[in-house]
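A quick write-up on the structure given underneath.
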Amino acid sequence: EDSAKLEEMIADDELFEKLMEDKEILDELVSPLDMDRMLAGEQTPLFFGSAMTNFGVQLFLDNFLKMGTKPSSRTAVSKGQGKGNDDDGESSNAIQPEHEEFTGFVFKTQANLDPKHRDRLAYVRVVSGVYEKGMKVGHSRSKAGKKYNLAQAQALFGSDRSAVEVAFPGDVIGINNPGCFAIGDTLFTGSDRVAFPGIPSFSPEKFCYIRAPNPSDYKSFRKGMDQLLDEGAVQALRQRNDDGGGPLMLAAVGQLQFEVVQARLRNEYNVDSIMEPLSYTLARWADGGWEAVDKADADGKLFGIMIVQDRWGRPVLLFRNDWKAASLAEEEKYLELKPWSSPPDFEG
């Protein structure tokens, strides 16, 4: 009966047959939605739609409300701030939504929501406590004791914005980003520093150098790249001893990410850029540290491999093929090679 109604609505035999064929393929290849697995984080529901044509949007929103659950606890690392506590002592514990102190997790940043004002927002999910306008919070990657004033927060839906005075666990708020907040950061109140586990970066497979051909555009180029890197549009790598003045290398999963960066530099910052592709095809983070990398290099194990550093100064090895990466990981286990990285819990 439903198929008959659908066929009548489509009013095109060829399109209807194609739709039925696609449905059969999905039925065979895609597992049915299991709410228990979804809530355990083992399965992700898939919706089809288009925000541009407003197709399927309401269906997604309705199901999002049905599938949503109440806020749950989140594991965090706590560290004293030197006021009667052992500043070096770290402990892991689950922070419940009922926890008195405010904690929030930065899961997204975005620049130029309004190009006229060059605004930058950090999207924060409230994990515990209550956000109140004007509150002062600590930041997991800033020095112990440094506070930031959250003068205002916004709720965003599409292009609409509204001011938020108070927010509770489970709420998502947008706060002005002074350039310090990045994806994976934690904001908190209280005497102990708190850091939730960061969001791992995808393992890149495309690499290139990027530069501004016009020296007079360097300042705008630098500003644009800094903001796009904070958004996580691509990853940045540099030569080992480069303190920021050398050539900037970009790493991405696909070529489209590079094209998006160039388009946004041109449209939002009025800067042209030139990209020079590199022949490497994958990256591995050496969790064994620089000492392990130096040992492997001295032993002649890193021939043909490019040694660079990520934004945190950690060693990264670039390979031209999977075989070389796999053989090095097997033979030199002390390097502790991993295909992804997570930001450090604390800095400063």
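The values are calculated or read from the model by the stated rules, or taken from the named source; none is laboratory data. As the structure is a prediction and not an experimental result, all values here were calculated from the model. Here the Cβ is made from the backbone with ideal geometry for all residues, glycine too, and neighbour counts use every protein chain on show. The area values use the complete protein model at the heavy-atom level, side chains included, leaving out ligands, DNA and RNA. Shrake-Rupley method; radii C 1.70, N 1.55, O 1.52, S 1.80 Å.
Is it fair to say Gly170 is surrounded by fewer than 17 Cβ atoms within 10 Å (Cβ to Cβ), touching a strand residue (DSSP E or B) at 6+ places or on another chain (Cβ under 9 Å) and not in a strand (DSSP E or B)? Talk me through it step by step, then tell me what you get.
Working: surrounded by fewer than 17 Cβ atoms within 10 Å (Cβ to Cβ): yes; touching a strand residue (DSSP E or B) at 6+ places or on another chain (Cβ under 9 Å): yes; not in a strand (DSSP E or B): yes.
Spelling it out, Gly170 is indeed surrounded by fewer than 17 Cβ atoms within 10 Å (Cβ to Cβ), touching a strand residue (DSSP E or B) at 6+ places or on another chain (Cβ under 9 Å) and not in a strand (DSSP E or B).
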Pairs only if they're at least six apart or on different chains, beta carbon under 7 angstrom, first in the range 125-142 and on the phi > 0 side of the Ramachandran plot, second open to solvent by 30 Å² or more (accessible area, probe 1.4 Å) and not in a strand (DSSP E or B); list them, first residue then second.
Gly129/His99; Gly129/Glu100; Gly129/Glu101; Gly134/Ala151
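Scan the range 119-146 residue by residue and report those that are outside any strand (DSSP E or B) and open to solvent by 90 Å² or more (accessible area, probe 1.4 Å).
Initially, the range 119-146 is screened for residues outside any strand (DSSP E or B), giving 119, 129-130, 133-134, 140-146.
Within the range 119-146, Lys133, Lys143, Lys146 qualify.
What residue, among those in the range 102-137 that are of a type in the set (Gly, Ala, Ser) and at pLDDT below 95, is nearest to Pro178 (Cα to Cα)? Explain how you work it out, then say what you get.
First, pick out the residues of the range 102-137 that are of a type in the set (Gly, Ala, Ser): 104, 111, 122, 128-129, 134.
Still in the list and also at pLDDT below 95: 111, 122, 134.
Values: Ala111: 11, Ala122: 9, Gly134: 15 Å.
So the residue we want is Ala122.
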Could you tell me whether the range 280-303 includes any residue that is touching a strand residue (DSSP E or B) at 6+ places or on another chain (Cβ under 8 Å), of a type in the set (Lys, Arg), free of Cβ contacts under 8 Å to residues at least 60 places away in the same chain and open to solvent by 80 Å² or more (accessible area, probe 1.4 Å)?
no
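In the set Ser162, Ser191, Ser142, Ser220, which member is over 19 Å from Arg120 (Cα atoms) and small (Gly, Ala, Ser)?
Values: Ser162 fails: over 19 Å from Arg120 (Cα atoms); Ser142 fails: over 19 Å from Arg120 (Cα atoms); Ser220 fails: over 19 Å from Arg120 (Cα atoms).
Among Ser162, Ser191, Ser142, Ser220, only Ser191 is over 19 Å from Arg120 (Cα atoms) and small (Gly, Ala, Ser).
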Residue among Ala40, Ala51 that alone is within 27 Å of the chain's Cα centre (by Cα), at pLDDT below 90 and surrounded by 10 or more Cβ atoms within 10 Å (Cβ to Cβ)
Ala51
Could you check Asp62 against (1) open to solvent by 70 Å² or more (accessible area, probe 1.4 Å); (2) at pLDDT 90 or above and say which number it fails?
(1)
Within the range 132-148, the count of residues that are within 16 Å of Gly174 (Cβ to Cβ) and under 24 Å from the mean Cα position of the chain (by Cα) comes to 2
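In the range 267-279, what residues are in a loop (DSSP other than H, G, I, E, B) and either without any contact (Cβ under 8 Å) to a residue 40 or more places away in the chain or open to solvent by 50 Å² or more (accessible area, probe 1.4 Å) (or both)? Step through it out loud before you land on a result.
The first filter runs over the range 267-279 and keeps only residues in a loop (DSSP other than H, G, I, E, B), leaving 270-273, 278-279.
If the condition is that a residue be in a loop (DSSP other than H, G, I, E, B) and either without any contact (Cβ under 8 Å) to a residue 40 or more places away in the chain or open to solvent by 50 Å² or more (accessible area, probe 1.4 Å) (or both), then Asn270, Asp272, Ser279 are the ones that fit.
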Mind listing just one residue for me: the one in the range 216-240 that is in a strand (DSSP E or B) and under 14 Å from the mean Cα position of the chain (by Cα) and, of those, surrounded by the fewest Cβ atoms within 10 Å (Cβ to Cβ)?
Ala236
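Among the residues of the range 199-215, how many are in a loop (DSSP other than H, G, I, E, B) and of a type in the set (Phe, Trp, Tyr)?
Initial filter on the range 199-215 (in a loop (DSSP other than H, G, I, E, B)): 199-205, 212-214.
If we keep only those that are of a type in the set (Phe, Trp, Tyr) too, we end up with 202.
The total comes to 1.
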Does any residue of the range 252-266 turn out to be open to solvent by 30 Å² or more (accessible area, probe 1.4 Å), under 20 Å from Val316 (Cβ atoms) and touching a residue at least 60 places away in the same chain (Cβ under 8 Å)?
no
Output the residues belonging to the range 305-348 that are under 26 Å from the mean Cα position of the chain (by Cα), among the acidic types (Asp, Glu) and over 13 Å from Gln239 (Cα atoms).
Asp322, Glu336, Asp345, Glu347
